[in-house]
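Before any comments, here is the structure.
Every read-out reported here was derived from the displayed coordinates using simple, explicitly stated rules and does not represent laboratory data. The shown structure was predicted, so the numbers you read here are calculated from the model rather than taken from an experiment. Cβ: placed from backbone, ideal geometry, glycine included. Neighbour counts: every protein chain shown.
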Amino acid sequence: MKTTLKNAGSHSDEMIVCRSVWISDVHLGTKHSRVGELLEFLRVVDCKYLYLVGDLIDGWELKFRWYWHDDYNVLIQKLLRKSRKLTKVIYISGNHDEFIEQFMGMRFGNVTLARQVMHTAADGKKYLVIHGHQADGLTHFNHLLEKLGSHLYMWILDLNLYFNRLRRVCGFGYWSLAAYLKSKAKAAVKYVTEYEDTLAAMARSQKADGVICGHIHRAEIKMIEGVRYLNCGDWVENPTALIEDFEGNIKLLRFHENNVLRSGRGSGSHDSGHSHQRNARGGRASNRRNNNRSGSAAANAGILCIGDEDAGPAAADA
Ligand SMILES: [Mn+2]
């Protein structure tokens, strides 16, 4: 898995310069975490806001069986290094890394920890950024079932690994058993729909234009009754990321099994944004927290607001 992104599609040798990046569900601590590919991605991406939308570290799995690869340290160092430079790194807690919640309010380098934030895109649109497991409590999952499900899921991924080795030997391409099972199981389909609707409702209740989440390992961009629903997927099964360009367009990138980063579905139509080379750099404010400067303070009281300092038509100096 050493192929680089340099020969990825038509953007050869280019950096992906963009305003924001969202990734989630890296699940460090499980052997299925695609850290190598994530490092490749982070090497070529240059952004102002980097969101880790929960489940970066899999505390459940680590508690069960300690597994810490050398690459994990490289990844953490890379994230910290980015946060010391020009990237604001925001680490949102998920259900597998709830333990970070006890550190809320503390600083790790320049990394901001939060349960949820309100992101203002370059076009002034507001997005609630949240891992999404909070919606489970509102549906029908209980905690025990959830943990059981999580182990079953790991087991299916194990099975998937062996199965795909066999497929490769026989000359077939990659095929995800987990994705297949999820698409076939009626309960899973119902769960996903309920999940998406609940998240969209959460965004609506906070007067946001959309929601950006993770948790269900299913990358997606769609409209749900007037609210944009964006799920940044995962780095376990199908590595994906959401990226925002300097005009506020958000699109999905899929980092495929064959190591090609391709643009996926999504309403954002721009290419990877390198035509807007660094035009937001000049206006970069310091790394101070900017939760005190919100034009929509009434609607978003108590929630950390990020990105509003350089958003809106006035700030988009393209
Ligand atoms: Mn999760």
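Could you list the residues of segment 18-42 with an amide nitrogen less than 18 Å from a label point located 7 Å from the Cα of residue 167 in the Cα-to-C-beta direction? Under cut-off, by backbone N: 32-34. For the pair residue 43 and residue 207, label points projected 7 Å from Cα toward Cβ lie 4.6 nm apart. Remark: the residue 309-residue 189 segment gains 39.3 nm on full extension, using 0.36 nm per residue and subtracting the alpha carbon distance.
Sorted ascending by nearby beta carbons within 10 Å, beginning with the fewest, 228, 167 become 167, 228. Cβ crowding within 10 Å ranks 150, 205 as 205, 150, fewest other Cβ atoms first. Applying D = kT/(6 pi eta Rh) to segment 54-125, where Rh is the Kirkwood radius over alpha-carbon pairs, T corresponds to 20 °C and eta to 1.002 mPa s, the Stokes-Einstein value obtained is 157 µm²/s. Using only Cα coordinates, the Kirkwood hydrodynamic radius of segment 9-132 works out to 15.2 Å. Ordered by the number of other Cβ atoms lying within 10 Å of each residue's own Cβ, fewest first, 165, 34 fall into the sequence 165, 34. Checked against a 23 Å cut-off, the cross-linked pairs 186/222; 78/222; 126/190 give Cα-Cα distances beyond that limit for 78/222; 126/190.
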